[in-house]
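Have a look at the structure below, then the notes.
Any read-out appearing in this document is the output of simple, stated calculations on the displayed coordinates, not a laboratory observation. None of the values given here were measured: they were computed from a predicted structure. So basically every Cβ, Gly included, is an ideal-geometry build from the backbone, and we count neighbours across all protein chains shown.
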Amino acid sequence: MIPQYASALLISDLHLTPSMPLTAQRFFDFCEKETPKVEAVFILGDLFEYWVGDDAVISSPFQQEVQRIIASLAAKIKTYYLHGNRDFLIGQSFIQKTGMTLLPDPCSVEIAQQKWVLAHGDALCTADVGYQVFRIWVRKTWLQKLFLTLPLNWRKGIAQHLRSNSHTQDQQVCSSESNLRKMDVTREACAAVLRDQSGNQLIHGHTHLPRQHEESLGTQAWQRWVLSDWDLDHPESLRPRASGLLIEGNGVRYLDLIKN
Ligand code: LP5
Ligand code: MN
C-alpha cells in the first residue's frame, strides 16, 4: 500500500550548513508556519550540504538544532525523507531521532487522489556518466562501512574535497548549453522510472532548475515538476532561492518561500 494524503508539501536541496544561517532559519520557519496547512511533508534529499555519518551530530550544535526542529515537525505532521547525493549517509539513528520516515528512491505516493512518483533526481542524470560511475561506488555498502570507520575529521575533509570538486559549481561558471544538458535528467531515465512505478507524474530535485515540464518519449507521456534548491545567504552572487511544491485538492503549485 502506498501512502495516501489529501495534501502535501514537497521540498528538496536545502543544503543546510552552519555557514548559511538565513537558509536554515527559513527552513525552521517553514516547519513551524507552512506545514500546518498539509497532511504530509516530503523532503526529497540534500537536506544537508553534506553528511558524513550520524555520529557527527554529537559534536554539531547545528545538526542537533535541525534534528530538534524536524522532530517537533514530525511529531505533528507525517514527515518523509529520501536520500540525496550529498546526504545519502543519513542513517537509521538520525531518521529515528527526527521521527521521519525514510522512503526509497524512487517511490510512489498518493496525494490528492493522484499518484506521484518521487525521486531525488541524481540517478536520472544519466548523461553525466562520470557522476553515475561515482554514484555506483559511493552507494556500495562495503565502501560506506569503511568510510564510516574513518576519524570524523578525515571524513569531513573528504566530503569538503568532494564538494569543492563537484561539477555543479563549474556549471554556474561555465553554463554552456551542452554542459547544462549533461547535468540535467534525461527523458530516457524519467520514462524508465515512470514505467517501473506505473506513473505519469514525476517530482524531483537535484538539478536546481525549478519548472513544470510536459514531456513524452514514444507513446509515453508525463508531467515533471522540478523542485528548487534553497539559498538565502548569497544574494550578492546568486539570486535568493527557496520554494516548495504544494499539492492539494484544487491542484499543484509552487510556493514562493522567499518573501513569506
Ligand atoms: O552535489 P552537486 O549538486 O554539487 O553535484 C552533483 C555531483 N556531485 C556529487 C558530490 C557531492 O556534491 C559531494 C558529496 C559529499 C558526500 C559526503 C560523504 C562522502 C562519502 C563517500 C562514501 C563512500 O555528488 C556531480 C554531478 C552533479 O551533481 C550534477 O548531476 O555532476 O558529480 C561530480 O561532480 C562527481 C564527478 O562527476 C566524478 C568525480 C570522481 C571523483 C572520484 C573520487 C572517488 C572518491 C571515492 C570516495 C570515497
Ligand atoms: Mn542533489
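Short version: ³J(HN,Hα) in whole Hz for each residue of the range 182-198, in order, from phi by Karplus 6.51 cos²θ - 1.76 cosθ + 1.60 (θ = phi - 60°), x for Gly and Pro, what are they?
Rounded to whole hertz, the list is 5, 7, 8, 5, 9, 5, 4, 5, 5, 4, 5, 5, 5, 5, 4, 8, 6.
Grab the other residues whose beta carbon is less than 10 angstrom from that of VAL52, score K and R as +1, D and E as -1, and report the net.
-1
Once all Cα-Cα distances of the range 4-256 are split into 10 Å bins that start at 0, what whole-number percent is in each one?
7, 31, 37, 22, 3, 0
Using DSSP, restrict attention to beta bridges with both residues in the chain and report what percent are antiparallel, rounded to the nearest 5. Show your work: numbers first, answer last.
Details: 22 of 42 bridges.
Bridges in the chain that DSSP calls antiparallel: roughly 50 percent.
How many percent of DSSP beta bridges within the range 19-120 run antiparallel, rounded to 5?
45
Using 28 Å as the Cα-Cα cut-off, could you pick out the over-long pairs in LYS76/LYS156; LYS76/LYS259; LYS97/LYS140; LYS33/LYS145; LYS33/LYS156?
As for pairs spanning more than 28 Å Cα to Cα, those are LYS76/LYS156; LYS33/LYS145; LYS33/LYS156.
For VAL66, what is the net charge nearby, where nearby means another residue's Cβ is under 12 Å from its Cβ and Lys, Arg count +1, Asp, Glu -1?
-1
With runs of 4+ DSSP H residues as the only contributors, calculate the mean residue ellipticity of the chain at 222 nm using -39,500 (n - 2.57) per run, divided by the residue total and rounded to the nearest 500.
Details: 9 runs with 87 residues, N = 260.
Result for the chain: -9500 deg cm²/dmol, rounded to the nearest 500.
What does the charge add up to near GLN92, with Lys and Arg as +1, Asp and Glu as -1, over the other residues with Cβ less than 13 Å from its Cβ?
Spelling it out: positives minus negatives among the neighbours equals -1.
How large is ³J(HN,Hα), in whole Hz, for each residue of the range 39-51 in order, when computed from phi with the Karplus curve 6.51 cos²θ - 1.76 cosθ + 1.60 and θ = phi - 60°, using x for Gly and Pro?
8, 8, 10, 10, 10, 8, x, 6, 5, 10, 4, 7, 9
How do the peptides 205-213, 233-241, 53-61, 181-189 rank, highest first, by the average count of neighbouring beta carbon atoms within 10 Å per residue?
Working: 205-213: 18.8, 233-241: 11.8, 53-61: 13.9, 181-189: 17.1.
Order by mean packing, descending: 205-213, 181-189, 53-61, 233-241.
On average over all directions, what projected area in square nanometres does the range 144-260 have, based on the convex hull of its Cα atoms?
Its average projected convex-hull area is 11.3 nm².
Charges at C-beta only: +1 for Lys and Arg, -1 for Asp and Glu. How large is the resulting dipole of the range 4-256 about its Cα centre, in Debye rounded to 20? All intermediate terms of the calculation are to be shown ahead of the outcome.
Numbers: 25 positive and 28 negative charges, 94 e Å.
Charge dipole, the range 4-256, about its Cα centre: 460 debye, nearest 20.
Cβ neighbours within 10 Å, averaged per peptide: list 106-115, 136-145 in order, most packed at the top.
Ranked from most to least packed, the peptides come out as 106-115, 136-145.
Long-range amide H contacts for LEU257: which residues qualify at under 5 Å (H placed 1.01 Å from N, peptide plane, sequence gap of 5 or more or a different chain)?
Those lying under 5 Å, H to H, from LEU257 are ALA242, SER243, GLY244.
Sorting check: for 82-89, 31-38, which peptide has the highest mean count of neighbouring beta carbons within 10 Å, and how do the rest follow? Don't skip to the end; give the middle numbers.
Working: 82-89: 22.5, 31-38: 15.6.
Ranking, from highest mean packing down: 82-89, 31-38.
Whole-Hz ³J(HN,Hα) for each residue in the range 62-79, computed from phi via Karplus 6.51 cos²θ - 1.76 cosθ + 1.60 with θ = phi - 60°, x for glycine and proline: what do you get?
Coupling constants for the range 62-79: 5, 5, 5, 5, 4, 4, 5, 5, 5, 4, 6, 5, 5, 6, 9, 10, 4, 10 Hz.
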